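Let me begin by presenting the structure, written as structure tokens, before commenting on it.
The values are calculated or read from the model by the stated rules, or taken from the named source; none is laboratory data. Model, not experiment: these values are computed from the prediction. Don't worry about glycine lacking a Cβ; one is built from the backbone with ideal geometry, like all the others, and counts go over all protein chains shown.
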């Protein structure tokens with residue numbers, strides 16, 4: 001049975017993470033401490049080992065003390081989606097890459113939109129850092145929780161952001 005915990009990353013920004021069989025499976029943002037859809041109130045378990053580890057690592061991330069995550073997870077997606085998600089894990093903390101740069105790194109130079117689509121289906125935002133993707137002109141485009149959340153995460157990391 002899936003269980004979850006929650007972490008306050010910043011004022012008005014909470015990340016809920018769900019695990020099953022000892023592995024993280026999904027995460028979702030919320031502006032409040034109230035669980036988002038799909039996170040049943042009775043399934044909260046702050047003491048499950050993988051959820052406790054996730055909470056500690058996310059709190060360290062929010063405090064600027066963690067740049068990579070070690071909590072175990074399992075992702076389900078197409079081969080291409082999994083390639084993209086793995087590539088996103090290679091974008092360093094506080095840095096950004098364009099969708100096109102990731103597509104080229106994967107050997108698919110014309111697949112920038114497909115990279116964006118895969119990033120949009122990322123089931124573990126923050127842990128798989130899809131917020132570090134930007135448009136070719138530096139715009140903060142396309143993020144499942146909205147561009148303001150993307151901006152806040154990048155600011156938390158100290159990333160240089162476009163003005164305006």
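Checked against (1) in contact (Cβ under 8 Å) with a residue 60 or more places away in the chain; (2) more than 13 Å from the chain's Cα centre (by Cα), residue 8 passes all but a single condition, namely (1).
Per the listing 74, 95, the residue uniquely surrounded by fewer than 18 Cβ atoms within 10 Å (Cβ to Cβ), within 15 Å of the chain's Cα centre (by Cα) and assigned by TED's automatic domain parsing to the domain that holds residue 108 is 95. The set of residues in region 22-44 that are free of Cβ contacts under 8 Å to residues at least 40 places away in the same chain and farther than 19 Å from residue 145 by Cα comprises 40, 41, 42. Filtering region 21-51 to residues that are in a strand (DSSP E or B) and surrounded by 15 or more Cβ atoms within 10 Å (Cβ to Cβ) leaves 24, 25, 26, 27, 28, 29, 30, 44.
Residue 68 meets the conditions (1) more than 26 Å from residue 11 (Cβ to Cβ); (2) at pLDDT below 95 in every case but one. The failed one is (1). Within region 68-88, identify whether any single residue is closer than 19 Å to residue 149 by Cβ and free of Cβ contacts under 8 Å to residues at least 40 places away in the same chain, and answer yes or no. The answer is no; no qualifying residue exists.
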